[in-house]
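One structure below.
The values are calculated or read from the model by the stated rules, or taken from the named source; none is laboratory data. Computed from a prediction, not measured in an experiment: that's the story for all the values here. In this analysis, Cβ positions are derived from the backbone assuming ideal geometry, glycine residues included, and neighbour counts consider all displayed protein chains.
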Amino acid sequence: MILHGLCVFLLALCLLCSVLSILISFYNSVSNPYETFMGPIGVYVCSSTSACLSLLVLIIFVLNITVTTMAEELVPSIETIASVLLTNKTSQMQVGYFLVIPYMVLSLGAILLIYLYEHTAYTHRREQERPTEDAPKEIMMY
């Protein structure tokens, strides 16, 4: 039961990190280009924290379902059905569990997108700093 609570808490932290990543991206896109809030580092940190926590949730939840006997102990603990005899005990993952996987992929995609944008902007700035390297030598002499 504690591991389920931990999974819910970690998923709430994932959601908070995603909201922070979105807010940082929106603020940086509408603010002055020379004044950004944490720049791309903020998006990197929030998105990577979110992706790592969601991976941790996936692992903890699977271990909790397969290794522990939490489901077998939970059903008899309900007072109205205490006299139930459990047979064919199985646990299965539902849609909510598998929706964490695209969430993790999208968080990693955000990191990749910001990295590619920063790399392209850096390459463009470097090309603008050296405009005369490709010019003919006769033009550079004057």
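Contact annotation: residue pairs with Cβ atoms under 8 Å, 6 or more positions apart or on different chains, pairing a residue in region 97-108 that is under 18 Å from Asn64 (Cα atoms) with a partner that is of a type outside the set (D, E, K, R) and in a helix (DSSP H, G or I), are Tyr97/Leu58; Tyr97/Phe61; Val100/Leu11; Val100/Ser54; Val100/Val57; Val100/Leu58; Ile101/Leu58. Any residue at all in region 3-18 that is modelled with pLDDT under 90, over 15 Å from the mean Cα position of the chain (by Cα) and under 19 Å from Tyr117 (Cβ atoms)? The answer is no; no qualifying residue exists.
Taking each residue of region 27-42 that is farther than 14 Å from Ala121 by Cβ and looking for partners that are at pLDDT below 80 with beta-carbon atoms closer than 6 Å, six or more apart or interchain, yields Tyr27/Phe37. Checked across region 27-40, the condition of being surrounded by 12 or more Cβ atoms within 10 Å (Cβ to Cβ), closer than 23 Å to Leu55 by Cβ and at pLDDT 85 or above holds for no residue.
In region 42-62 there is at least one residue that is modelled with pLDDT under 85, under 19 Å from the mean Cα position of the chain (by Cα) and part of a helix (DSSP H, G or I). For region 86-107: of the residues being of a type in the set (Gly, Ala, Ser) and not in a loop (DSSP other than H, G, I, E, B), which is surrounded by the fewest Cβ atoms within 10 Å (Cβ to Cβ)? If we take residues in region 86-107 being of a type in the set (Gly, Ala, Ser) and not in a loop (DSSP other than H, G, I, E, B), then Gly96 is surrounded by the fewest Cβ atoms within 10 Å (Cβ to Cβ).
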